[in-house]
Amino acid sequence: MDCNEKFMKEALKEAKKAYDKEEIPVGAVIVKDGKIIARAHNSKEISKNAVSHAEILAIQKACKKLESWRLLDCEMYVTLEPCPMCAGAIINARISKIYIGTDDEKTGACGSKLNLLEDYKFNHNVQVEKYILKEECSRNS
(Lines give C-alpha, C1' and ligand atoms only; values in the text may rest on other atoms or scores of the structure.)
Protein backbone atom coordinates (compact mmCIF):
# COMPACT_ATOMS: atom_id res chain seq x y z
CA MET A 1 0.00 0.00 0.00
CA ASP A 2 1.39 3.39 -0.94
CA CYS A 3 1.27 6.52 1.23
CA ASN A 4 -1.74 7.96 -0.59
CA GLU A 5 -3.79 4.84 0.08
CA LYS A 6 -2.60 4.76 3.70
CA PHE A 7 -3.75 8.31 4.37
CA MET A 8 -7.02 7.88 2.46
CA LYS A 9 -7.76 4.83 4.62
CA GLU A 10 -7.38 7.12 7.64
CA ALA A 11 -9.87 9.53 6.06
CA LEU A 12 -12.20 6.57 5.48
CA LYS A 13 -12.01 5.77 9.21
CA GLU A 14 -13.21 9.31 9.88
CA ALA A 15 -16.03 8.88 7.36
CA LYS A 16 -17.10 5.73 9.22
CA LYS A 17 -17.27 7.74 12.46
CA ALA A 18 -19.60 10.21 10.72
CA TYR A 19 -21.73 7.36 9.37
CA ASP A 20 -22.01 5.83 12.84
CA LYS A 21 -23.34 9.18 14.09
CA GLU A 22 -25.88 9.35 11.23
CA GLU A 23 -23.97 12.16 9.54
CA ILE A 24 -23.10 12.32 5.85
CA PRO A 25 -20.06 10.01 5.82
CA VAL A 26 -17.18 12.27 4.87
CA GLY A 27 -13.75 12.11 6.47
CA ALA A 28 -10.62 14.19 6.07
CA VAL A 29 -7.04 14.11 7.30
CA ILE A 30 -4.30 16.70 6.91
CA VAL A 31 -0.72 15.54 6.51
CA LYS A 32 2.53 17.46 6.95
CA ASP A 33 5.95 15.91 6.52
CA GLY A 34 4.43 12.45 6.17
CA LYS A 35 2.48 12.61 9.45
CA ILE A 36 -1.19 13.20 10.14
CA ILE A 37 -1.57 16.47 12.04
CA ALA A 38 -5.38 16.69 11.96
CA ARG A 39 -8.36 14.48 11.32
CA ALA A 40 -12.09 15.15 11.27
CA HIS A 41 -15.45 14.00 9.99
CA ASN A 42 -18.75 15.69 9.21
CA SER A 43 -20.72 16.75 12.26
CA LYS A 44 -23.38 19.15 10.93
CA GLU A 45 -26.29 17.27 12.46
CA ILE A 46 -24.78 16.86 15.91
CA SER A 47 -23.36 20.39 16.09
CA LYS A 48 -26.38 21.97 14.38
CA ASN A 49 -23.84 24.01 12.42
CA ALA A 50 -23.89 24.28 8.62
CA VAL A 51 -20.10 24.72 8.38
CA SER A 52 -19.16 21.61 10.37
CA HIS A 53 -17.83 19.81 7.30
CA ALA A 54 -14.93 17.40 7.67
CA GLU A 55 -12.59 19.65 5.67
CA ILE A 56 -13.36 22.78 7.71
CA LEU A 57 -12.96 20.97 11.02
CA ALA A 58 -9.68 19.38 9.90
CA ILE A 59 -8.36 22.78 8.78
CA GLN A 60 -9.27 24.29 12.15
CA LYS A 61 -7.45 21.51 14.00
CA ALA A 62 -4.37 21.77 11.78
CA CYS A 63 -4.21 25.55 12.23
CA LYS A 64 -4.36 25.10 15.98
CA LYS A 65 -1.66 22.41 15.88
CA LEU A 66 0.69 24.52 13.73
CA GLU A 67 -0.30 27.79 15.43
CA SER A 68 -0.82 29.37 12.02
CA TRP A 69 -3.63 29.88 9.56
CA ARG A 70 -1.20 29.08 6.76
CA LEU A 71 -1.04 25.34 6.22
CA LEU A 72 1.96 25.54 3.92
CA ASP A 73 3.38 22.21 2.77
CA CYS A 74 0.28 20.41 4.07
CA GLU A 75 -1.82 17.97 2.08
CA MET A 76 -5.44 17.00 2.63
CA TYR A 77 -7.00 13.62 2.00
CA VAL A 78 -10.79 13.72 1.79
CA THR A 79 -13.17 10.90 0.94
CA LEU A 80 -15.67 13.05 -0.99
CA GLU A 81 -15.03 15.96 -3.34
CA PRO A 82 -15.23 19.26 -1.42
CA CYS A 83 -18.14 21.67 -1.80
CA PRO A 84 -17.53 25.34 -2.76
CA MET A 85 -17.22 26.42 0.90
CA CYS A 86 -14.61 23.77 1.66
CA ALA A 87 -12.72 24.34 -1.60
CA GLY A 88 -12.50 28.03 -0.69
CA ALA A 89 -11.23 27.18 2.78
CA ILE A 90 -8.60 24.88 1.27
CA ILE A 91 -7.37 27.72 -0.95
CA ASN A 92 -7.39 30.23 1.91
CA ALA A 93 -5.51 27.86 4.23
CA ARG A 94 -2.77 27.52 1.59
CA ILE A 95 -2.96 23.72 1.51
CA SER A 96 -0.54 22.56 -1.18
CA LYS A 97 -2.36 19.49 -2.47
CA ILE A 98 -5.65 17.71 -2.02
CA TYR A 99 -6.32 14.04 -2.64
CA ILE A 100 -9.97 13.23 -3.32
CA GLY A 101 -11.54 9.80 -3.02
CA THR A 102 -14.64 10.23 -5.16
CA ASP A 103 -16.75 12.86 -6.92
CA ASP A 104 -19.73 14.68 -5.43
CA GLU A 105 -22.14 15.12 -8.32
CA LYS A 106 -24.46 17.31 -6.19
CA THR A 107 -22.13 19.99 -4.82
CA GLY A 108 -18.59 19.12 -5.90
CA ALA A 109 -16.38 22.16 -6.48
CA CYS A 110 -13.26 20.34 -7.69
CA GLY A 111 -14.53 19.23 -11.08
CA SER A 112 -18.04 17.79 -10.76
CA LYS A 113 -20.21 20.94 -10.69
CA LEU A 114 -17.44 23.51 -10.96
CA ASN A 115 -13.72 23.57 -10.35
CA LEU A 116 -12.61 26.29 -7.96
CA LEU A 117 -9.17 24.74 -7.51
CA GLU A 118 -8.16 24.55 -11.16
CA ASP A 119 -10.39 26.79 -13.32
CA TYR A 120 -9.79 30.05 -11.50
CA LYS A 121 -6.65 32.00 -10.69
CA PHE A 122 -6.42 32.81 -6.99
CA ASN A 123 -3.45 33.98 -4.96
CA HIS A 124 -2.75 30.33 -4.09
CA ASN A 125 -2.94 27.27 -6.29
CA VAL A 126 -3.84 23.85 -4.94
CA GLN A 127 -2.79 20.69 -6.74
CA VAL A 128 -5.52 18.07 -7.08
CA GLU A 129 -5.30 14.30 -7.39
CA LYS A 130 -8.52 12.34 -7.64
CA TYR A 131 -9.77 8.83 -7.16
CA ILE A 132 -7.56 7.54 -4.36
CA LEU A 133 -9.42 4.38 -3.23
CA LYS A 134 -12.38 5.50 -5.34
CA GLU A 135 -14.45 2.34 -4.89
CA GLU A 136 -14.15 2.37 -1.10
CA CYS A 137 -14.88 6.08 -0.91
CA SER A 138 -17.86 5.77 -3.28
CA ARG A 139 -19.42 3.09 -1.07
CA ASN A 140 -19.19 5.39 1.93
CA SER A 141 -20.53 8.60 0.36
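The values are calculated or read from the model by the stated rules, or taken from the named source; none is laboratory data. These figures come from a predicted structure and were not determined experimentally. Glycine gets a Cβ as well: all are built from the backbone with ideal geometry, and neighbour counts include every protein chain shown. Heavy atoms of the whole protein, side chains included, go into the accessibility calculation; ligands, DNA and RNA do not. Shrake-Rupley method; radii C 1.70, N 1.55, O 1.52, S 1.80 Å.
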How many residues does segment 102-119 contain that are open to solvent by 60 Å² or more (accessible area, probe 1.4 Å) and out of contact with any helix residue (DSSP H, G or I) (no Cβ under 9 Å at 6 or more places or on another chain)? 4
Within segment 65-91, residues without any contact (Cβ under 8 Å) to a residue 24 or more places away in the chain and in a helix (DSSP H, G or I) come out as none
For residues that are closer than 20 Å to K134 by Cα and free of Cβ contacts under 8 Å to residues at least 60 places away in the same chain, scanning just segment 28-52, find the one that is nearest to the chain's Cα centre (by Cα). A28
Six or more apart or on different chains, Cβ under 6 Å: which pairs go from a residue in segment 116-128 that's under 18 Å from R70 (Cα atoms) to one that's in a loop (DSSP other than H, G, I, E, B) and open to solvent by 100 Å² or more (accessible area, probe 1.4 Å)? Could you list them? none
Matching residues, segment 120-141, being open to solvent by less than 60 Å² (accessible area, probe 1.4 Å) and of a type in the set (K, R): K130
